[in-house]
Amino acid sequence: MNERRDEISPWIVPLAVAIIVLVAAASFSNSFGGSFVFDDEGAIWGNRTIRQLWPIWSPLCPPKHGEPVTGRPVVNFSLAINYAIGGLRVQSYHATNLAIHVAAALLLFALLRRTFLLPTMRDVWGTAATPLALTIALLWAVHPLQTESVTYLAQRSESLVGLFYLLTLYALARIAASAHPFGWCAVAVLACLLGMATKEVMVSAPLVALLYDRTFLAGSFRGAWRRRRGLYLALAATWLPLAWFVATAGGRGGTAGFGQSVGCWAYLGTQFGAIVHYLRLIAWPSPLVFDYGVEVARTAAEIVPYAIVVTLLLVASLVALWRWPRLGFLGVCFFALLAPTSSIVPVATQTIAEHRMYLPLATVLIAATVGVYWACRRIAGSGRFARLVLPWLLGVAVVVSCATLGTLTFERNKDYRSELAIWQDTAAKSPRNARAHNNLGNAIAAEGRREEAIMQFQEALQWQPAFPEAHNNLGNALAGLGRSDEAIGQFRLALAARPDYGEAHNNLGSVLASRGQLDEAVRHLRRACEIELDSAAPHANLGLAMVRLGELDEAIAEFRKALAIQPESAELYFNLGDALTKQGRLEDARDANRAALQLADLQGKRELASLLRVRIASLDARIKYNHP
């Protein structure tokens, strides 16, 4: 199958590529100063598996406790590369997210342009292939709906799977035009495999690829299967590793899958309104909400009107697939891309999320852009106006649209500048969202404003009384103000709501130990150590309790366990040195304190460093006295 290029100057494609890169970069240029927020803690900050690139299986084995990278080894490996480049400096992660998004936009441009130039399309769209592809790719790249997938670091999984999805389809288009397609077949299968190891959204890629072939290349499912049966079998084979990733993720720590706190039918009822909401945000992207919470639609008024709209759209897409296959392809593709997260499989922690529109947005923009262009051509006819004036009018409309969307994206990125800013914005736009108030309270508490934080935790508990995280955080804030009795009560409420809540066990044990209730404190701290396998805090607190009980051997063992998890902690070495000193192991104590001093100097902890110098000098004197 031969491709005919549109008759334009040879420099127009490189110029289009440059425009996409520059406009997208400008729209997201202020995202680099954004901080780690929300799920970034589990995906990056507290993710020990990204701390080394070798052995290779370390970053390819993400944590299995429900973090955003659970069951997604390619995402985890990309984060490990960022960590190797810049540690926990946020700029490297933002630069990679933007690079992934720009690459996806370029692939969308290339795929669209090649599709418009196919023999089945070029007679109608060939002369406008590059301008149309450029317009759609630009609108998609700078749309404010994309901020959650680009600026929010933990949602790299969405943009990265989008990149692999588009690469799979682009490779298929190249296969059809190539005399020696084996190389592009390998690219398609590899891209599909990497996508399956990135996010579950990729599950529909083999079917959408077959549908693309039927619609634009072969003309029928039979012809597509006859020509490229081996390719589709290979693409379908990538479902096997995806099934393994999903199975080993264990329901993503109780956040997704059947049998969660949100039933499948309640979740489905919510998705009708969610899809209509997403479509509205395409045309009018305001307000954008970072976290919609876990509310579900319960009444007929909240479900039925939206169910009618979505059902009509789905039926229209299926009918169009038979009568007008190209339009039908876009509609079916829209629903296929949303199906893994917006159907009957509950994502209990996020019943609505804007990042789910990352790729589906493209299908709507393609339909809208092509529809507007077709209507303008029909109205203008073939006269002088159509040849000379209409292209300029459409060009101005594209520039104004991209400038408007890019400006809105730039403004939206400002909300990601800090934890405090994003949660203030979210709580203001979603005042009934208990999680938003809880996380806003955490951000306020981090600035030392505990009284204000307490108000936010109480607001969260007003909307969701059995909210263990809010009880735990309220307990922390109360403990910081010296109100230990009230703090203990909140920790107990958190554990009543979730008995296996390791952090609450740790916090309760720590407060009990500070009050001298050591036996009960140790029970809770031991339980915290059993639950929080990747956390140093329970071991550290248990070590401190054991020091107070005089169990120095066990205290030292706990401090060493904590250091194995968090070797960069000067405070842990300080506590270890204290326990070793009490045990009379002065030389070992000196070594521990020297390690603490080195870390304290590197981390700019001057007060701790001064104390350590005094302690080391004292140990030196004692060692010299005891061992002349």
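The values are calculated or read from the model by the stated rules, or taken from the named source; none is laboratory data. In this text, all values refer to a predicted model and were calculated from it rather than measured experimentally. In this analysis, Cβ positions are derived from the backbone assuming ideal geometry, glycine residues included, and neighbour counts consider all displayed protein chains. Note: accessible area is taken over every heavy atom of the protein model, side chains too, but ligands, DNA and RNA are not part of it. Shrake-Rupley method; radii C 1.70, N 1.55, O 1.52, S 1.80 Å.
Before moving on, here are some points about what is shown:
- Residues that are among the hydrophobic types (A, V, I, L, M, F, W, C), open to solvent by less than 10 Å² (accessible area, probe 1.4 Å) and closer than 19 Å to ALA367 by Cα, drawn from the range 137-165: ALA137, TRP140, ALA141, VAL142, LEU145
- Inspection of the range 39-47 finds a residue satisfying the criterion of being in contact with an Asp or Glu (Cβ under 9 Å, 6 or more places away or on another chain), surrounded by 24 or more Cβ atoms within 10 Å (Cβ to Cβ), of a type in the set (A, V, I, L, M) and closer than 22 Å to LEU145 by Cβ.
- Residues in the range 59-100 that are among the hydroxyl-bearing types (Ser, Thr, Tyr) and either open to solvent by 20 Å² or more (accessible area, probe 1.4 Å) or part of a helix (DSSP H, G or I) (or both): SER78, TYR83, SER92, TYR93, THR96.
- Qualifying residues in the range 256-303 (those that are over 30 Å from PHE410 (Cβ atoms) and among the polar types (S, T, N, Q)) - the one modelled with the lowest pLDDT: GLN260
- Listed by first and then second residue, the pairs linking a residue in the range 107-134 that is assigned to a helix (DSSP H, G or I) to a residue that is of a type in the set (Ser, Thr, Tyr), with Cβ atoms under 7 Å apart and 6 or more places separating them unless they lie on different chains, are LEU107/TYR170; ALA110/TYR170; LEU111/TYR170; ARG113/THR130; ALA128/TYR373; LEU132/THR369; LEU132/TYR373.
- Some residue of the range 579-587 being open to solvent by 10 Å² or more (accessible area, probe 1.4 Å), farther than 20 Å from ARG615 by Cα and in a helix (DSSP H, G or I): no
- Any hit, the range 115-122, residues being under 18 Å from LEU194 (Cβ atoms) and open to solvent by 20 Å² or more (accessible area, probe 1.4 Å): no
- Qualifying residue in the range 533-540 (condition: in contact with an Asp or Glu (Cβ under 6 Å, 6 or more places away or on another chain) and buried (at least 23 other Cβ atoms within 10 Å of the Cβ)): yes
- Scanning the range 506-522 for residues that are in contact with a helix residue (DSSP H, G or I) (Cβ under 8 Å, 6 or more places away or on another chain), assigned to a helix (DSSP H, G or I) and free of Cβ contacts under 8 Å to residues at least 24 places away in the same chain turns up at least one hit.
- Subset of the range 291-347 (residues that are in contact with an Asp or Glu (Cβ under 9 Å, 6 or more places away or on another chain) and among the hydroxyl-bearing types (Ser, Thr, Tyr)): TYR292, THR341
- Of the set (1) under 30 Å from TRP45 (Cβ atoms); (2) free of Cβ contacts under 8 Å to residues at least 40 places away in the same chain, all apply to TYR416 but (2).
- Residues satisfying the stated conditions in the range 506-536, i.e. out of contact with any Leu (no Cβ under 8 Å at 6 or more places or on another chain), at pLDDT below 95 and among the hydrophobic types (A, V, I, L, M, F, W, C): ILE531, LEU533
- So ARG560, is it of a type in the set (Lys, Arg), under 25 Å from PRO63 (Cβ atoms) and open to solvent by 10 Å² or more (accessible area, probe 1.4 Å): yes
- Extreme residue, farthest from ALA557 (Cα to Cα), among residues of the range 592-619 that are small (Gly, Ala, Ser) and surrounded by 21 or more Cβ atoms within 10 Å (Cβ to Cβ): ALA600
- Subset tally (residues that are of a type outside the set (A, V, I, L, M), free of Cβ contacts under 8 Å to residues at least 60 places away in the same chain and touching a Ser or Thr at 6+ places or on another chain (Cβ under 7 Å)) for the range 35-86: 9
- Among the residues making up the range 590-626, those that are closer than 15 Å to GLU571 by Cβ and of a type in the set (S, T, N, Q) are ASN593, GLN598, GLN603, SER610.
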